[in-house]
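Inspection log for the structure reproduced underneath, given as structure tokens.
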Amino acid sequence: MKKIAIIGAGISGLFIANLFKKNSDYQVVIYEKNNSINLEEGYGIQLSVNSVKLLNEIEFNKFENARKFNPKKIIFFSSKNFKKICDLNISDFNSENCQYTTLKRSDLINFLKKDLENLIKFNHNVSSINKENQKIQLTFENNEIFECDYLIISDGVFSKSRSLISNNKSQPKYNNTLAIRGKITNSSEIDNENISLFLGSDFHQVIYPVNQNGDLNFIAIMKYELTLEQQKNYSLFKENSFIRKVLEKVPKENKEFFDKIKEFKIFPVFVSKDFFKTNSDNINFIGDAFFAFPPSFAQGASQSIESAYELYRSIENNSEGNFFKNRVIKTKMVDKRSKLNQFAFHLSNPVAIFFRNIFLKKLIKNKKFLDTYLGKIYNN
Ligand SMILES: Cc1cc2nc3c(=O)[nH]c(=O)nc-3n(C[C@H](O)[C@H](O)[C@H](O)COP(=O)(O)OP(=O)(O)OC[C@H]3O[C@@H](n4cnc5c(N)ncnc54)[C@H](O)[C@@H]3O)c2cc1C
């Protein structure tokens with residue numbers, strides 16, 4: 001029986017653990033640095049059909065319907081006057097068992113961890129990773145040592161494991177944007193059937209339902225310069241004076257939404273700069289530890305799930321060598337689209353906005369374009 005160690009109990013680590021758990025050739029343990037799994041409420045996740053299809057392999061299709069939602073459309077609005085620009089039928093990519101899904105992150109995590117309770121070792125922060133012949137030895141800050149045949153690193157965008165095994169100490173970079181997130185309950189003025197995307201100047205906001213109770217997730221991405229010092233100061237984002245300063249920069253038309261937001265939080269968005277390939281086929285990265293994208297294509301969780309699935313299959317088929325190469329190709333495609341979306345969503349020149357809106361209306365009805373731009377990502 002092969003021993004699998006997973007570092008990090010986020011979406012990618014939990015999903016790959018579920019896959020290995022079903023296969024009796026493997027014994028799996030997840031090491032999580034915290035003393036519990038972060039179940040922050042109010043934070044929504046969008047899952048496109050590529051990841052829903054893979055989640056269905058662990059019976060996501062049987063997960064409580066009341067706790068998820070299947071929006072049919074993304075409706076684009078101008079942030080300036082709230083006028084609709086156009087809408088995109090994302091349900092065109094759905095199949096009977098596999099539909100674009102939105103839900104609370106905490107509900108997805110609860111679903112992923114429900115069969116793993118005794119496989120997660122909390123309070124385990126890795127301090128060194130060594131490899132001798134084919135065996136990998138992990139040492140934790142509590143001095144425990146564990147040996148495994150495969151190491152799967154899913155410890156997020158600031159991956160400590162990456163720094164432990166790489167000489168390249170390159171850190172993720174600040175995306176020059178802040179994310180402002182929260183939830184909206186019982187608002188009759190906001191569409192609670194679809195995803196509403198408001199395009200503003202250096203700013204966009206997305207509102208979507210996360211369950212059948214009418215709860216809505218709010219997320220705004222706003223351009224905001226931070227000094228290097230501010231980027232590292234995590235307590236800054238909780239300071240009232242800083243929050244006030246950020247809110248002053250929110251375009252005035254959008255401020256009315258902010259009165260409706262509950263459990264409102266601000267955090268800086270960090271993205272990956274590069275890929276890192278280990279010299280060993282039996283040590284691999286998945287999820288944000290492999291690569292973290294700008295959030296404007298809503299593919300972070302879906303790609304975390306896809307990377308976990310691809311790695312599972314390649315280990316099962318003894319073809320780990322192909323995992324990295326194929327993952328880089330898909331990641332580059334998603335990254336390019338995420339950057340392009342952010343650029344187009346945040347235009348501020350009125351002439352550029354005028355032409356963007358004309359293009360958007362045309363492209364959204366063009367099947368060939370949609371099959372290339374979205375279909376290539378949503379089909380796996
Ligand atoms: C503003 C914003 C909005 C987003 N919206 C969406 C969206 O709508 N749709 C979508 O698909 N994605 C979205 N994402 C992205 C998505 O949330 C992430 O891509 C996804 O959660 C990554 O999962 P992960 O498992 O790789 O990492 P994480 O969720 O970061 O999990 C990493 C885990 O590793 C643990 N860990 C860290 N260090 C160690 C260590 N040294 N030892 C042991 N354990 C460790 C952590 O405690 C954590 O539990 C968004 C991201 C942002 C920033």
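The values are calculated or read from the model by the stated rules, or taken from the named source; none is laboratory data. Computed from a prediction, not measured in an experiment: that's the story for all the values here. Every residue, glycine among them, receives a Cβ derived from its backbone with ideal geometry; neighbour counts consider all protein chains shown. Heads up: the accessible areas ignore ligands, DNA and RNA and are worked out on the full protein's heavy atoms, side chains in. Shrake-Rupley method; radii C 1.70, N 1.55, O 1.52, S 1.80 Å.
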Task: Protection proxy ranking of 21-29, 334-342 - average other beta-carbon atoms within 10 Å, highest first - done: 334-342, 21-29
TODO: Taking the Cα centre of region 208-285 as origin, work out the dipole magnitude from +1 charges on Lys and Arg Cβ and -1 charges on Asp and Glu Cβ, in debye rounded to 20.
DONE: 180 debye
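Enter the accessible area per residue of region 185-282 (Å², integer; probe 1.4 Å; all protein chains in place).
On the way: 5180 Å² over 98 residues.
Averaged over the residues of region 185-282, the accessible area is 53 Å².
So if we plug the beta-carbon distance of residue 3 and residue 339 into 1/(1 + (r/R0)^6) with R0 = 35 Å, what FRET efficiency do we get, rounded to 0.05?
0.35
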Task: Eligible aspartates and glutamates near residue 183 by straight Cα distance, threshold 15 Å, same-chain separation 8 or greater - done: 40, 41, 107, 191, 215, 256, 259, 263
Open item on the list: List the aspartates and glutamates whose Cα sits under 18 Å from the Cα of residue 376, skipping any in the same chain fewer than 8 residues away.
Closed with: 92, 306, 310, 335
Open item on the list: Students often get this wrong, so check it: of 3/113; 339/368; 104/173; 255/365; 223/367; 339/361, which have C-alpha atoms separated by over 23 Å?
Closed with: 104/173; 255/365; 223/367
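Run the dipole for region 95-139 about the Cα centre, Lys and Arg Cβ at +1, Asp and Glu Cβ at -1, nothing else charged, and hand back the magnitude in debye, nearest 20.
Numbers: 7 positive and 5 negative charges, 40 e Å.
Approximately 200 debye in magnitude.
I need the peptides 298-307, 213-222, 107-116, 137-146 ranked by packing, meaning the mean over residues of other C-beta atoms within 10 angstrom, with the highest value on top. Numbers along the way, then the final one.
Numbers: 298-307: 25.5, 213-222: 21.1, 107-116: 18.7, 137-146: 13.9.
Top of the packing list down: 298-307, 213-222, 107-116, 137-146.
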TODO: As a check on your grasp of the helix formula, calculate [θ] at 222 nm for the chain: sum -39500 (n - 2.57) over DSSP H runs of n ≥ 4, divide by the residue count, round to the nearest 500.
DONE: -9000 deg cm²/dmol
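Rounded to the nearest 0.05, what FRET efficiency do residue 236 and residue 141 have when you use their Cβ-Cβ distance and R0 = 30 Å?
Values: r = 26 Å, r/R0 = 0.88.
Here the calculated transfer efficiency is 0.70.
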- [ ] Give, rounded to the nearest 20 debye, the magnitude of the charge dipole that region 1-110 has about its Cα centre when Lys and Arg contribute +1 at Cβ and Asp and Glu contribute -1 at Cβ.
- [x] 240 debye
TODO: Return the distance in nm (one decimal) between the two label points of a simple spin-label model at residue 170 and residue 253, each offset 7 Å from Cα along Cα→Cβ.
DONE: 3.8 nm
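Roughly speaking, what is the stretch gain from residue 355 to residue 27, that is 0.36 nm per residue apart minus the C-alpha to C-alpha distance, in nm to one decimal?
Values: separation 328, 0.36 × 328 = 118.08 nm, distance 5.56 nm.
Result: 112.5 nm gained on full extension.
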Open item on the list: If I model a spin label as a point 7 Å beyond the Cα along the Cα-Cβ vector, how far apart are those points for residue 329 and residue 158 in nm?
Closed with: 3.5 nm
Task: Nearby aspartates and glutamates by direct alpha-carbon distance to residue 249 (threshold 13 angstrom, same-chain neighbours under 8 apart not counted) - done: 202, 225
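Remind me, relative contact order of the chain in percent, using alpha carbon pairs under 8 angstrom and six or more residues apart? Mind dumping the intermediate values first?
On the way: 725 pairs, mean separation 83.1, N = 380.
This gives 22 percent for the chain.
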- [ ] Would you kindly find the accessible area of residue 150, with a 1.4 Å probe and non-protein molecules such as ligands, DNA and RNA excluded, rounding to the nearest 10 Å²?
- [x] 20 Å²
